[in-house]
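We did not get these values from a lab; they are worked out from the coordinates using the rules stated. Every value quoted in this text rests on a predicted model; they were computed, and no experiment measured them. Cβ atoms come from the backbone with ideal geometry, glycine included; neighbour counts cover every protein chain shown.
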Amino acid sequence: QKDGYDTYMLKEINEQPHVINETLRGRVFEDKVVLNEIKDVDFSKFNKVYFVACGTAYHACLCGAQILERATKLPVITQVASEFRYNDPIIDEKTLCIYVSQSGETADTLAALRLAKSKGCTTIAIANVLGSTISRDADYTLYTCAGPEIAVASTKAYTTQLVLLTLLALYIAQDLHLDVDQDILNQLNDLPAYVENLIKDEELFANYAKMLKDKHDCYFIGRSLDYASVLEGALKLKEVSYVHADAYIAGELKHGPIALIEDGTVVIAVATQPHVAAKTISNIQETVARGADVILFTTENEEVNNVKNTYILPSINPLLQSVLVAIPLQLIAYHTANIKGCDVDKPRNLAKSVTVE
Ligand code: F6R
């Protein structure tokens with residue numbers, strides 16, 4: 001069942017090139033995105049979009065929301081489902097609500113969906129499990145094609161969510177007769193090959209994990225889309241390896257968290273977004289000056305000095321970088337847990353499907 005891998009988590013990490021390809025299949029054409037499941041939706045009637053989910057799926061929403069907002073200029077709000085359902089959100093029939101859930105059974109996400117329906121919103125579910133409750137309750141469902149995810153820590157569901165949310169953003173822009181970024185459209189089909197190459201550097205990421213194995217804490221920093229990526233990287237690390245990890249917007253460092261940086265503190269930084277990467281790199285220098293051991297993921301376009309562990313990601317459209325950087329962050333979490341002898345597939349206190357609030 002594990003296809004020769006020691007754990008489901010590692011198997012699922014390795015399945016990503018294939019399942020990303022499956023999620024794209026039949027949906028991306030030379031000059032357009034086709035999502036037949038939502039062809040009847042008139043997107044011009046919406047004046048606001050909500051993205052709602054929990055955990056890793058929420059992190060996928062943070063990325064998807066930025067991509068949608070840039071592509072459509074519609075205001076987008078992203079909220080954790082357990083907040084949305086109790087916060088009396090301002091929503092009506094002009095609100096599009098998008099719910100993301102791998103299992104399709106998460107209690108808070110389902111309750112948040114039902115609330116939106118009761119207020120007359122149009123609801124779209126991004127689900128992975130065919131026939132799951134969310135797919136029955138939502139007005140429309142788009143499926144990620146990740147296949148069964150057994151490991152408690154989500155990996156392939158997350159990256160396929162990112163891909164599908166990107167397609168959704170481009171599709172809505174198309175429906176609104178806006179210019180669709182041809183560059184992203186062309187590069188979407190390159191993602192599986194890039195992901196495959198990143199996985200080949202597993203050994204290198206396992207070496208980064210050695211820097212973390214004896215640490216109690218670790219800090220992740222990033223800006224813009226990279227902030228969503230570091231939130232997910234930190235969640236992955238803490239849930240499987242029990243290393244306490246916090247993710248911060250890099251620009252917030254000097255508003256408090258930099259007080260935590262001392263000699264030997266590990267800082268994992270992501271700087272892939274051209275409009276803010278140099279700013280993040282300058283924040284990194286501030287942590288290096290205080291003795292931090294930094295692991296940096298960036299692109300060849302950025303100038304980096306004094307950071308020993310710099311990994312250069314492939315140069316693709318910045319809006320697609322979250323899919324790529326997810327791979328090393330998953331592998332760092334995996335190998336940290338593995339070195340520490342943790343049960344990566346079944347971390348303590350966690351269930352795969354959270355059906356109670
Ligand atoms: C973390 C993880 C959880 C889930 C969350 C939502 O690795 O898997 O944070 O993402 O419980 O689950 P779904 O997507 O099934 O609604």
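Contact annotation: residue pairs with Cβ atoms under 7 Å, 6 or more positions apart or on different chains, pairing a residue in the range 295-324 that is hydroxyl-bearing (S, T, Y) with a partner that is assigned to a loop (DSSP other than H, G, I, E, B), are T298/T272; T298/V304; T299/T272; T299/S315; T310/V304; S315/E300; S315/N301.
Yes or no, residue by residue, for (1) of a type in the set (S, T, Y); (2) within 22 Å of A57 (Cα to Cα); (3) within 12 Å of the ligand (Cβ to nearest atom); (4) not in a helix (DSSP H, G or I):
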position	(1), (2), (3), (4)
Q321	no, yes, no, no
Q330	no, yes, yes, no
A333	no, yes, yes, no
N338	no, no, no, no
V344	no, yes, yes, yes
V354	no, yes, yes, yes
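Among the residues of the range 127-162, those that are in contact with a helix residue (DSSP H, G or I) (Cβ under 7 Å, 6 or more places away or on another chain), more than 11 Å from the ligand (Cβ to nearest atom) and not charged (D, E, K, R) comprise A138, Y140, T141, L142, C145, G147, I150, T159, T160, L162. So is I184 of a type in the set (V, I, T) and within 16 Å of the ligand (Cβ to nearest atom) or not? No; evaluated as a whole, the condition is false for this residue.
So, of the residues in the range 32-43 that are surrounded by 10 or more Cβ atoms within 10 Å (Cβ to Cβ) and not in a strand (DSSP E or B), which turns out to be farthest from the ligand (Cβ to nearest atom)?
Filtering the range 32-43 for residues that are surrounded by 10 or more Cβ atoms within 10 Å (Cβ to Cβ) and not in a strand (DSSP E or B), the one farthest from the ligand (Cβ to nearest atom) comes out as K32.
Mind listing whichever residues of the range 72-122 are assigned to a loop (DSSP other than H, G, I, E, B) and within 17 Å of N47 (Cβ to Cβ)?
Across the range 72-122, the qualifying residues are K73, L74, P75, P89, I90, I91, D92, E93, K94, K119, G120, C121.
Filtered by the rule that a residue be touching a strand residue (DSSP E or B) at 6+ places or on another chain (Cβ under 7 Å) and buried (at least 22 other Cβ atoms within 10 Å of the Cβ), the range 129-167 gives I134, A138, L142, T144, Q161, L164, L165, L167.
Here's the yes/no breakdown for (1) in a loop (DSSP other than H, G, I, E, B); (2) within 24 Å of K346 (Cβ to Cβ); (3) hydroxyl-bearing (S, T, Y):
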position	(1), (2), (3)
Y5	yes, yes, yes
K11	no, yes, no
C61	no, no, no
R70	no, no, no
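For the range 188-198, the set of residues classified as farther than 19 Å from A271 by Cβ and buried (at least 17 other Cβ atoms within 10 Å of the Cβ) consists of L188, L191, P192, V195, listed by residue number.
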